[in-house]
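To start, the structure itself, in structure tokens.
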């Protein structure tokens with residue numbers, strides 16, 4: 001009797017886990033935030049995905065996987081966890097290039113260079129106060 005109960009409990013647990021995994025996978029796909037996000041830091045930066053999408057900037061211009069392969073909107077939508085999009089998930093003290101281990105360095109390298117070069121004949125702001133907000137807001141890490 002004990003064996004039957006144990007087997008039933010194991011089978012129930014496995015089925016429950018399988019259903020839970022399916023539910024997570026079938027959940028709403030990740031999408032770019034509709035409202036501007038504030039990137040945390042000593043001098044926070046407000047970032048608006050909508051402005052960049054309107055310009056035609058692809059998700060892959062900023063987002064890549066662990067192998068530095070560009071992530072499309074479809075790739076991002078298929079992610080189970082938004083944390084995989086955070087720069088610090090790879091760009092940390094163990095990252096090979098010490099110049100790209102911190103968020104500040106990553107954003108300055110990527111954002112400022114893109115803003116200087118321009119996209120579709122439009123250049124972005126490059127001055128410190130053009131991007132950094134003067135007052136602190138509730139901040140999240142975005143990348």
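The values are calculated or read from the model by the stated rules, or taken from the named source; none is laboratory data. Please read all numbers here as calculations on a predicted model, not as lab measurements. Every residue, glycine as well, gets a Cβ built from its backbone with ideal geometry; the counts of neighbours run over all protein chains shown.
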Within region 124-135, identify whether any single residue is surrounded by 15 or more Cβ atoms within 10 Å (Cβ to Cβ), under 23 Å from residue 34 (Cα atoms) and at pLDDT 90 or above, and answer yes or no.
yes
Checked region 110-121 for anything closer than 18 Å to residue 47 by Cβ, touching a residue at least 12 places away in the same chain (Cβ under 8 Å) and either outside the structural domain of residue 47 (by TED's automatic domain parsing) or not in a helix (DSSP H, G or I) (or both); matches are 119
- Query: Mind checking whether some residue in region 60-76 is at pLDDT 90 or above and assigned to a strand (DSSP E or B)?
  - Reply: yes
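Picking from 84, 50, 80, which residue would you name as being modelled with pLDDT under 90, assigned to a helix (DSSP H, G or I) and under 20 Å from residue 30 (Cα atoms)?
Exactly one of 84, 50, 80 is modelled with pLDDT under 90, assigned to a helix (DSSP H, G or I) and under 20 Å from residue 30 (Cα atoms), namely 84.
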Of the conditions (1) surrounded by fewer than 11 Cβ atoms within 10 Å (Cβ to Cβ); (2) touching a residue at least 60 places away in the same chain (Cβ under 8 Å), the single one that residue 34 does not satisfy is (2)
If we keep only residues of region 86-104 that are free of Cβ contacts under 8 Å to residues at least 24 places away in the same chain and surrounded by 15 or more Cβ atoms within 10 Å (Cβ to Cβ), then the residue nearest to the chain's Cα centre (by Cα) is 91
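Going by the structure shown, is residue 107 more than 11 Å from the chain's Cα centre (by Cα) and touching a residue at least 60 places away in the same chain (Cβ under 8 Å)? Give the derivation first.
On the way: more than 11 Å from the chain's Cα centre (by Cα): yes; touching a residue at least 60 places away in the same chain (Cβ under 8 Å): yes.
In short, yes.
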